[in-house]
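The values are calculated or read from the model by the stated rules, or taken from the named source; none is laboratory data. Since this is a predicted model, take the numbers as computed values, not measurements. Cβ placement follows ideal geometry from the backbone for every residue including glycine, while neighbour counts extend to all protein chains displayed. The area values use the complete protein model at the heavy-atom level, side chains included, leaving out ligands, DNA and RNA. Shrake-Rupley method; radii C 1.70, N 1.55, O 1.52, S 1.80 Å.
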Amino acid sequence: MSRMKVAVCTVGCRANQSDSSRLVRHLHPELIELVSDPQSADVTIINTCCVTAQAERDCRKLARRALPSGRVILTGCAVSANPGFAEAIDAKAEARGGGDRDPRDLADWLNELATGCRATLPSPFRPEHFDVTGLLGRTRGLLKVQSGCRHMCSYCIVPKARGPESSVPLEDVLADISAMRDQGVREIVLTGVQLGAWGKDLPGRQELAELTARAADVASPGRIRLSSLEPWSLTEALAETVAAYPGVCRHLHVPLQSGDDGVLSRMRRGYTSRDYLAAVDRVRRRCADVAIGTDVLTGFPGEDEGAFANTMDTLKELAPAYVHAFPYSPRSGTPAATFADRPPRAVAKERVLEVRRFGKDALFAYRSGFVGAERRAIIEESGDGQHRALTDNFIPVSLIADDAQTGAFVDIEFTGVAPDGHVTARKL
Ligand code: SF4
């Protein structure tokens, strides 16, 4: 009896990737065959993103490519932020679920759909607590522990798409982590829409620091990495936890967005450039080697030459391990989309290039500071004695070693950094 062929395409952030993995893990293997190419699928699921205009374009393109082959179901943020999103692509495109709705509901619907075209019912099915489809590469697994955001930054459509903040209870998170550990996942990335808000909606207003510490205990011998965190989430307690637990990666990604207080205020970010640097300093005072990565949005309304210069000055003071830069993309339905004084797109793009040039030098400087130092790394890929590994402070290294297996932790010594930031190391 042939199974229904389903393709699952994901656009956007780690929260979306984690939702897709939760959907996939609840598809009944007797009923559904997962295929990678939408053009050979009976049903294609597109888990959409609407955080930028480019992301929406990518979703529309995926849908148009898949429509000739079968049913196309759009879910995710673009659908919940704009209920007419699917129909606007094509009358045959369907919208289901999305936002903060549980992806397992969509899986149940697909299982039912697949059952519909069978004579016999499938055997009972209990999805794995976690399965390898939720992996980043072969050693790292994503685990979404929080959803929603109530912060309302003026440029951001996410609160509209994802709804109010909600946290996965501590015990459920720890159960997922122990299942991932038992399946050989060596690094677990805790993710959310506003990760730092984890626990605030749970009884007793629990804190991310506590979750991170408990997670590190359960994940051992594996390690825990925290995905993107807003600056106001860098509490004393979290800084203590990152410093005290060897099983917590010394890597924090903390979006700055702008280094100009006037622009930050128009963004309704809720902090100044001084506040941001003070928050990072809270962590650095406890672990000076922590890798701080950041995001910058250029071309936001009101960002004149002086404001952009303030952003570059703040970045220089921050001395990040790396920087991601994007040109501001107005999202309809957000307050900022109506703001005046937006610099021309070409100027925004030029500023992105300037930030990226700075970022390249900052990355080289950060990594060069470790040459000669020793560190723990996880082997992510290996073949013929050549291996690619990742340190806790988010430095990918190439090393030559005869006896290193994918997923193994190894002690390394950094031996060199190339001008493009490529790092070599030797196994100790
Ligand atoms: S904190 Fe701001 S940027 Fe982040 S998801 Fe919430 S509203 Fe969006």
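If a residue has to be assigned to a strand (DSSP E or B) and surrounded by fewer than 24 Cβ atoms within 10 Å (Cβ to Cβ) to count, how many in the stretch 188-201 make the cut? Quick ask: steps written out before the conclusion?
Step one: list which residues in the stretch 188-201 are assigned to a strand (DSSP E or B), which gives 188-191.
Cutting the leftovers down to surrounded by fewer than 24 Cβ atoms within 10 Å (Cβ to Cβ) gives us 189, 191.
Count: 2.
Restricting to the stretch 261-283, what's the tally of residues that are charged (D, E, K, R) and either surrounded by 24 or more Cβ atoms within 10 Å (Cβ to Cβ) or under 23 Å from the mean Cα position of the chain (by Cα) (or both)?
2
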Exercise. Tell me, yes or no, whether the stretch 98-112 has at least one residue that is surrounded by fewer than 23 Cβ atoms within 10 Å (Cβ to Cβ), of a type outside the set (V, I, T) and part of a strand (DSSP E or B).
Key: no
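Listed here are the residues, each with its yes/no results for (1) within 18 Å of S228 (Cβ to Cβ); (2) not in a helix (DSSP H, G or I).
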| position | (1), (2) |
| --- | --- |
| L297 | yes, yes |
| P301 | no, yes |
| M312 | no, no |
| P330 | no, yes |
| A337 | no, no |
Exercise. Output the number of the condition that N393 fails; it satisfies all remaining conditions of (1) at pLDDT 95 or above; (2) not assigned by TED's automatic domain parsing to the domain that holds E413.
Key: (2)
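Being within 16 Å of L143 (Cα to Cα) and touching a Ser or Thr at 6+ places or on another chain (Cβ under 6 Å) is the filter; apply it to the stretch 160-186 and report the residue that is surrounded by the fewest Cβ atoms within 10 Å (Cβ to Cβ).
In the first step, residues of the stretch 160-186 are kept if they are within 16 Å of L143 (Cα to Cα); the result is 166-186.
Subset that is touching a Ser or Thr at 6+ places or on another chain (Cβ under 6 Å): 166, 186.
Numbers: S166: 17, R186: 21.
If we take residues in the stretch 160-186 being within 16 Å of L143 (Cα to Cα) and touching a Ser or Thr at 6+ places or on another chain (Cβ under 6 Å), then S166 is surrounded by the fewest Cβ atoms within 10 Å (Cβ to Cβ).
Determine whether L252 is within 16 Å of the ligand (Cβ to nearest atom), part of a strand (DSSP E or B) and out of contact with any helix residue (DSSP H, G or I) (no Cβ under 7 Å at 6 or more places or on another chain). Break it down into steps so the answer makes sense when it comes.
Working: within 16 Å of the ligand (Cβ to nearest atom): yes; part of a strand (DSSP E or B): yes; out of contact with any helix residue (DSSP H, G or I) (no Cβ under 7 Å at 6 or more places or on another chain): no.
No.
Is at least one residue of the stretch 27-42 in contact (Cβ under 8 Å) with a residue 12 or more places away in the chain, outside any helix (DSSP H, G or I) and closer than 23 Å to S227 by Cβ?
Checked against the condition, which is being in contact (Cβ under 8 Å) with a residue 12 or more places away in the chain, outside any helix (DSSP H, G or I) and closer than 23 Å to S227 by Cβ, the stretch 27-42 yields no hits at all.
Residue by residue through the stretch 314-352, note down the ones that are under 13 Å from V263 (Cβ atoms) and charged (D, E, K, R). Walk me through it before giving the result.
Looking only at the stretch 314-352, we keep the residues that are under 13 Å from V263 (Cβ atoms), and these are 314, 328, 336, 339, 341-343, 348, 351.
Hits for the stretch 314-352 are D341, R342, R351.
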Quiz item: What pairs come up if the first residue lies in the stretch 407-423 and is without any contact (Cβ under 8 Å) to a residue 12 or more places away in the chain, the second is open to solvent by less than 70 Å² (accessible area, probe 1.4 Å), and their beta carbons are under 8 Å apart, counting only those six or more places apart or on different chains?
Solution: A418/T424
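From the list R186, R162, R205, pick out the single residue that is under 22 Å from W232 (Cα atoms), touching a residue at least 12 places away in the same chain (Cβ under 8 Å) and among the charged types (D, E, K, R). It would help to see each step written out before you state the result.
Details: R186 fails: under 22 Å from W232 (Cα atoms); R205 fails: touching a residue at least 12 places away in the same chain (Cβ under 8 Å).
Answer to the selection: R162.
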